[in-house]
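J.: The structure is given below, and queries will be raised subsequently.
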Amino acid sequence: MIIEKINSPDNLKRLSDDELHTLTSEIRTALITKMSKLGGHMASNLGVVEITVALHKVFNSPIDKIIFDVSHQSYVHKILTGRKEAFLYEEHFEDVSGYSNPEESSHDFFNIGHTSTSISLACGMAKARDLKGDNENIIAVIGDASLDGGEAFEALNYAKELHSGLIVVLNDNNMSIPENYGGLHDLLNTLRTNRGQVENNFFSSLGFEYKFVQDGHNLCELLEVFESVKDTDHPVVVHCCTQKGKGYKFAEEEKEKWHWAHPFNIETGEYISGVPEENYGAIVAEYLLKKMQSDKDVVVVAASTPLCIGFNADRRKLAGKQFVDVGIAEQNALSMTAAIAKRGGKPVFATNSTFYQRGYDQIEQEMCITKCPATMILSHASVWGHTNDTHVGLYDIALFANVPNLTYLAPTNCEEYIAMLDWSIEQQEIPVAIRIPWTKVHHAENSVRNDYSDTKYEVTKVGSQVAIIALGSFYQIGEAVVKLLKDKGINATLINPLFISGIDGETLDNLKDHHELVITLEDGIINGGFGAKIAQYYSLSPIKVMNKAFSMNIPSRYIPDDLMRKNRLLPVQIVEDIIGIVGGRDE
């Protein structure tokens, strides 16, 4: 196979057109085969095969700098830059990450897992190049959905000020994760329909030379256009129309499902292990739809990740005007959510924990200082969420637990989650965030409260000597620890704190009389986390506090159980550490 002979982009330059076409077919086979076993960003990578091959054929990476936006469309780039073994041989599948990574290759320049960054990064690289008097090509590869993000707009606006060469390759597949929305995409559709010939061209108006490629899978046309813009002395946009999921019929037909694929059967397109029938996404989606039907003020706001709360295409259609998707633009989504609440609406914004990082200022300023009574739902906020360093959902507790006027809640089961959500939607005093339990669905054994206006923990088991305060997804770990401690002769207290923000001083003070050690368990980073607040509260007290959470050392890829074990978060390890402090019954 030709792909087996590709050790660097230099090998492409000696291939004929026919060999390049064969190579693109082999790359698609390799991608489909690997992702059928491991999972990964499927449709986006299948759609950029020809673009990536043409870029590496024409340009001279890594002297010429190719910067991939989001970088979940960089798998082909990895194959062509000395990492093919990680896509051809199963024993090497885990050798590379799913994102660009400078530690892997000199052809990668940034660890990028969030969107809309590549043009800004390219502008910075171009400015440094010009200051040094160098002349390499700087190329930003960006998808049409990533143009939604404010940073992309800002960078497009600035590029003219470089007064030098910059190439933006726009991979336009007319899709975000779900469908695209907004005026920008109407413009792109007009450009696509008119083969790039329109009177009011958005890119030209910003000072870019504009090139249009009708078929972004036509390798010969791509090679010709890239050659024509090589060594440009001014900003250029090359607008390439592609098909997301190209070459795998199931991904072509169901683009949203295949944006990120679970391991699957190649012949049938069926996931090998599907989503559990009972899951928090489906549960909350059905709850919200019923809420919408009875109250026209309830509106769900998304930023291209509606599936995190179960809003698939059918449910989005049922929601109608009470569903809003702003595209991959979390800042806009959060500001809109705050304003909807301010005007008397009942907005619920949901996205992954990692993407909230992009909207901190909107949460702190528009949402919380103004006390807009909006609801924010955080998904994948767990070691069991996204298992890589650019998407890890472990930072949100430290990031948001101390924002003024924000109530941050951590349900431990389905009934608590729905009760918190219902209370948050109906109350009109404060902004509320809810951290979805990212485990299998657990159900409450007893009734749950329906008012969360006061910070009050729940003592679910009364004991002495040791108290376990187990937050959110880690509550069930707390239950397991209590059972193991009983075998050691320790009758431990178990507490469900419910609140990430705020402190229940009364409950904490009551522990002082009959406990010598308090253990906090949380599914987040230890530095500045929930446990740190508890330790600070007890700082002048004789009671000992042990915080159990994750260190800041998050690998680029990890297996949750391994990371739990490394951080001594398995129940048996926690018990060992407790016994090391307080002792226990001799076996």
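J.: How large is the dipole of segment 1-157 about the Cα centre if only Lys and Arg carry +1 and Asp and Glu carry -1, each at its Cβ, rounded to the nearest 20 debye?
T.: 180
J.: Shifting gears a bit: At what distance in angstrom do the alpha carbon centres of segment 449-482 and segment 1-52 lie from each other?
T.: Measuring centre to centre over Cα atoms gives 51 Å.
J.: Among the lysines, select those whose C-alpha is under 28 Å from the C-alpha of residue 548, and discard any that sit fewer than 8 residues away in the same chain.
T.: Within the straight-line cut-off, residue 548 pairs with 440, 456, 461, 483, 486, 488, 512, 533, 566.
J.: In whole angstrom, how far apart do the alpha carbon centroids of segment 228-251 and segment 143-182 sit?
T.: Result: 12 Å between the Cα centres.
J.: If the cut-off is 20 Å between C-alpha atoms, which lysines fall inside it for residue 230, apart from same-chain ones fewer than 8 positions away?
T.: 13, 57, 65, 127, 132, 160, 211
J.: Still on this structure, please answer the following. Using only DSSP helix segments of four residues or longer, with each worth -39500 (n - 2.57), what per-residue ellipticity at 222 nm results for the chain after dividing by its residue count and rounding to 500?
T.: The helix contribution divided over the chain gives -10000 deg cm²/dmol.
J.: In what order do 100, 473, 273 fall by count of nearby beta-carbon atoms within 10 Å, going from fewest to most?
T.: 273, 473, 100
J.: Oh, and also: Ranking 368, 414 by Cβ neighbours within 10 Å, fewest first, what do you get?
T.: In increasing order of surrounding Cβ atoms, one gets 414, 368.
J.: Expressed in whole Å with the largest first, what are the equivalent ellipsoid semi-axes of segment 5-143 derived from the C-alpha gyration tensor as the square root of 5 times each eigenvalue?
T.: 24, 18, 13
J.: For the chain, the longest stretch holding no trypsin sites (Lys or Arg not before Pro) located in a DSSP loop with at most 14 other Cβ atoms within 10 Å is which?
T.: Longest stretch, sites excluded: 1-194.
J.: Tell me which residues come under 5 Å, amide H to amide H, from residue 304 once H is placed; ignore anything under 5 positions away on its chain.
T.: When sequence neighbours closer than 5 places are left aside, the close amide H contacts are 326, 327.
J.: Which residue, chosen from 450, 480, 502, occupies the Cα position most advanced towards the positive end of the dipole of segment 435-510, where the dipole is computed from +1 (Lys, Arg) and -1 (Asp, Glu) charges on Cβ about the Cα centre?
T.: Checked the options; the winner is 480.
J.: Against the longest principal axis of the chain, how steep is helix 118-132, in degrees 0 to 90 to the nearest 10, with axes from Cα atoms?
T.: Orientation of helix 118-132: about 60 degrees from the principal axis.
J.: May I pose another question? Could you tell me, in Å, what Rg and Dmax come out for the Cα atoms of segment 458-582?
T.: 13.8, 44
J.: Further question on the same structure: Would you mind classifying the chain by shape? Square roots of the alpha carbon gyration tensor eigenvalues, ordered a ≥ b ≥ c; an a/c under 1.5 is rounded, otherwise it is prolate if a/b is larger than b/c and oblate if not.
T.: In terms of gyration-tensor shape, prolate.
J.: So how do 475, 210 line up by other beta-carbon neighbours within 10 Å, fewest first?
T.: Lowest to highest Cβ neighbour count: 210, 475.
J.: Still on this structure, please answer the following. Short version: ³J(HN,Hα) in whole Hz for each residue of segment 166-174, in order, from phi by Karplus 6.51 cos²θ - 1.76 cosθ + 1.60 (θ = phi - 60°), x for Gly and Pro, what are they?
T.: In residue order, the calculated couplings are 7, 10, 10, 9, 9, 8, 9, 10, 6 Hz.
J.: With N residues in segment 280-435, what two-decimal value do you get for its Cα radius of gyration over 2.2 N^0.38 Å?
T.: 0.94
J.: Would you mind working out the magnitude of the charge dipole of segment 458-582 relative to its Cα centre, with +1 at each Lys and Arg C-beta and -1 at each Asp and Glu C-beta, to the nearest 20 Debye?
T.: Dipole size: approximately 320 debye.
J.: With Kirkwood's inverse mean 1/r over C-alpha pairs for Rh, give me the Rg to Rh ratio of segment 430-505, two decimals please.
T.: Radius of gyration relative to Kirkwood radius: 0.98.
J.: To the nearest 20 Debye, how big is the dipole of the chain about its Cα centre, given +1 on the beta carbon of each Lys and Arg and -1 on that of each Asp and Glu?
T.: Its charge dipole is roughly 520 debye.
J.: Mind running the shape call on segment 19-72? Use the C-alpha gyration tensor, a ≥ b ≥ c as the square roots of the eigenvalues: rounded below 1.5 for a/c, prolate if a/b tops b/c, oblate otherwise.
T.: oblate
J.: So, one more: Which of the lysines could be linked to residue 244 by a straight reach, that is with a Cα gap under 16 Å, when you skip same-chain ones fewer than 8 residues away?
T.: 255, 257
J.: What percentages make up the Cα-Cα pair-distance distribution of segment 356-418 when the bins are 5 Å wide from 0?
T.: The percentages, shortest bin first, are 3, 15, 25, 24, 18, 12, 3.
J.: What's the Kirkwood radius of segment 84-176 in Å, using all Cα pairs?
T.: Evaluated on segment 84-176, it is 14.9 Å.
J.: Could you list which residues have their amide H under 5 Å from that of residue 72, counting only those 5 or more apart in sequence or on another chain, with H placed in the peptide plane?
T.: Under 5 Å from the amide H of residue 72 lies no amide H from a residue far enough along the sequence or on another chain.
J.: Amide H of residue 346 versus every other amide H placed in the peptide plane: which residues, excluding those fewer than 5 positions away on the same chain, fall under 5 Å?
T.: 298, 299
No lab work stands behind these numbers, since they all come straight from the coordinates. Not measured: the values here are computed from a predicted model. A quick note on method: Cβ atoms are made from the backbone with ideal geometry, for glycine too, and the neighbour counts reach across all protein chains shown.
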